[in-house]
Amino acid sequence: MSMLIREQRVRTGVSVRELARRLAVSPATIQNYERAEASGRIQLDTLRRALAALDAEVSVRVMPLATLHLERREERVALELHKKVAEHLLRDADATLANVNRISIEARRRVDPYTAALLDEWMRFADARDLPGLLHAMTATDQHSIDMRQVGPFNGVLSDDERLDAIRRAR
């Protein structure tokens with residue numbers, strides 16, 4: 001995983017103690033931020049605040065793929081819904097992933113072996129906090145990602161308005 005905070009801190013000659021002072025937190029908190037970032041568990045807002053204190057910024061954009069052409073409306077709807085979930089994941093991974101295991105375990109009891117394997121894959125991504133893996137499955141257009149989106153365990157993440165907006169965009 002990336003180490004943007006540490007790299008920017010070292011590049012600018014700012015100590016852990018100085019960054020802590022700028023953010024009004026303890027040096028241990030800065031070390032926790034750096035460990036969380038290294039493991040892919042840092043929240044986007046925390047990363048942005050830390051980098052802003054170092055006169056840097058990070059931006060994230062979820063963009064449609066130029067070559068994307070899914071034939072089935074069902075696949076387009078699933079993609080649009082998961083793109084919205086991806087935005088939530090980038091803003092607050094903890095809240096977004098909170099229901100993945102519970103939903104996957106409940107659903108796993110009622111499905112065929114192939115679908116159970118897809119749910120297991122979602123659970124592995126979530127347990128490992130593998131944000132790149134999750135984002136790939138949510139937005140890629142390969143057949144495996146399309147299949148995974150059909151069983152995505154993200155019930156309750158999107159508001160009704162967000163769901164309706166995503167469905168409208170899937171024309």
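So what is the calculated 222 nm ellipticity per residue for the chain, using -39500 (n - 2.57) for each DSSP H run with n of 4 or more, over all residues, to the nearest 500 deg cm²/dmol? Please report the intermediate quantities before stating the final value.
On the way: 11 runs with 113 residues, N = 171.
It lands at -19500 deg cm²/dmol.
So what's the gap between the Cα centers of the stretch 128-171 and the stretch 91-121, to the nearest angstrom?
Taking the Cα centre of the stretch 91-121 as reference, the centre of the stretch 128-171 is 13 Å away.
Would you kindly work out the equivalent ellipsoid of the stretch 73-169 from its C-alpha gyration tensor and give its semi-axes, the square roots of five times the eigenvalues, largest first in whole Å?
On the way: eigenvalues 70, 49, 34 Å².
Semi-axes from the Cα gyration tensor: 19, 16, 13 Å.
To two decimal places, what compactness ratio does the chain give when its Cα radius of gyration is scaled by 2.2 N^0.38 Å?
Taking the Cα Rg and dividing by 2.2 N^0.38 Å, one obtains 1.18.
For the stretch 4-15, take each phi angle, set θ = phi - 60°, evaluate the Karplus expression 6.51 cos²θ - 1.76 cosθ + 1.60, and give the result in whole Hz per residue in order, putting x for glycine and proline.
Couplings: 4, 4, 4, 4, 5, 5, 5, 4, 9, x, 9, 6 Hz.
Determine the sum of side-chain charges near Thr12: Lys and Arg each +1, Asp and Glu each -1, restricted to other residues whose C-beta is under 13 angstrom from that of Thr12. The partial results should precede the final answer.
Working: positive: Arg6, Arg9, Arg11, Arg22; negative: Glu7, Glu18, Asp55.
The answer is +1.
If you line up the Cα atoms of the stretch 4-53 on their principal axes, what length do they span on each, largest first, in Å?
Sorted largest first, the three principal extents are 23, 21, 17 Å.
Can you list the residues, at least 5 places off or on another chain, whose amide H is less than 5 Å from the amide H of Leu54, using H built in the peptide plane?
So Leu54 has HN proximity to no qualifying residue.
Each residue of the stretch 89-97 in order: what ³J(HN,Hα) in whole Hz does its phi give by Karplus 6.51 cos²θ - 1.76 cosθ + 1.60, θ = phi - 60°, with x for Gly and Pro?
4, 5, 7, 7, 4, 4, 5, 5, 8
With point charges of +1 on the Cβ of Lys and Arg and -1 on the Cβ of Asp and Glu, referenced to the Cα centre of the stretch 1-138, which listed residue (Asn101, Ala50, His136) lies farthest in the positive direction of the dipole?
Positive-end residue among those listed: Ala50.
Please determine, in degrees from 0 to 90 and to the nearest 10, the orientation of helix 160-169 with respect to the longest principal axis defined by the Cα atoms of the chain, where the helix direction is its Cα long axis.
70 degrees
I'd like the Karplus ³J(HN,Hα) series for the stretch 111-116: coefficients 6.51, -1.76, 1.60, θ = phi - 60°, whole numbers in Hz, and an x wherever there's a Gly or Pro.
Couplings: 10, 6, x, 5, 5, 4 Hz.
Read-outs throughout are calculated quantities, based only on the coordinates presented, and are distinct from any laboratory measurement. Because the structure is a prediction, the values reported are computed rather than measured. Ideal geometry is used to build each Cβ from the backbone, glycine not excepted, and the neighbour counts take in all protein chains shown.
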